[in-house]
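Some notes on the structure that comes next.
Each reported figure results from applying straightforward, stated rules to the coordinates on display, with no laboratory input. Keep in mind it's a predicted model, so treat the numbers as computed, not measured. Using ideal geometry, Cβ is built from the backbone for each residue, glycine included, and neighbour counts are taken over all protein chains shown.
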């Protein structure tokens, strides 16, 4: 009855099902892993942001990249801004508007320096103009901010080629350190508080969303549904084909029986 499965058409269909179903299942698990990573990431954000700020010197080291479990931890550091070596990180969007992050080194009393993202400023009207950047406060300040890892590694190969003087594409102590006269901590901070405050300052970078999990779990379920639906459709087609062949054979048997039936006697 099912010998039709050995025909070229059905062999091709069966091979497609055998190939596609594992791919769909694997894509579902890939999306599930992305969901789990997002959950872990959001848990890290929520946990670290709620922790009490600690001195930056207790967690950071010069020339060492920021460990992953320290991301979003709040730290404090007292020092003086080095406005001379301030740079602008290009192509940064906030509330749907493109602008710059203002990165200003903060030099502690012992000379060690922490890159501080003081916040966001919008693009100027003309691309060739310099944006309006509120100056960093003079004198001693104490900053509190969220720890963020360098956006490039020392061996990344990414360079700020073709960008204007005083601007960068990535925020990285490994990239900016050689240009500064002081040793630089690994990582940088997104400013959340500053004392004393400034009358005018860049817009602070908003707190990350630690509740949005994205669509990954829904995508995982969708891929598994697709896999099940494909298998169910193939089985339905096979059974439908078998029923049609069975009906045709029954019709042939009935016709043969009619041909061999003797004429009725009068």
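The angle between the Cα long axis of helix 8-50 and the longest principal axis of the Cα atoms of the chain comes to about 30 degrees, rounded to the nearest 10.
Restricting to segment 53-195, compute how many DSSP beta bridges are antiparallel as a %, nearest 5.
For segment 53-195, the DSSP antiparallel bridge percentage is about 80.
Rounded to the nearest 0.05, the FRET efficiency derived from the C-beta distance between residue 95 and residue 12 at R0 = 35 Å is 0.10.
Sort the following peptides by mean Cβ neighbour count (other Cβ atoms within 10 Å, averaged over residues), highest first: 32-45, 165-178. Before the final figure, lay out the partial values.
Numbers: 32-45: 14.8, 165-178: 18.1.
Listed from highest to lowest mean packing, they are 165-178, 32-45.
Could you give the length gained on full extension between residue 3 and residue 228, defined as 0.36 nm per residue of separation minus the Cα-Cα distance, in nm?
Numbers: separation 225, 0.36 × 225 = 81.00 nm, distance 2.44 nm.
So the chain would gain 78.6 nm between residue 3 and residue 228.
Restricting to the chain, what percent of DSSP beta bridges are antiparallel, rounded to 5?
Numbers: 33 of 41 bridges.
About 80 percent, rounded to the nearest 5.
Annotation for residue 252 and residue 43: the two label points, set 7 Å from Cα along the Cα-Cβ direction, are 6.3 nm apart. The calculated FRET efficiency for the pair residue 20 and residue 218, based on their C-beta separation and a Förster distance of 25 Å, comes to about 0.75. Oblate is the label for segment 17-141. Its Cα gyration tensor axes, ordered a ≥ b ≥ c, give a/c of at least 1.5 and b/c at or above a/b. Taking Cα atoms only, the orientation of helix 216-260 departs from the longest principal axis of the chain by about 10 degrees.
Pop the C-beta distance of residue 36 and residue 123 into the FRET formula with R0 = 45 Å and round what comes out to the nearest 0.05. Write out the running numbers ahead of the final one.
Numbers: r = 37 Å, r/R0 = 0.83.
Efficiency for this residue pair is about 0.75.
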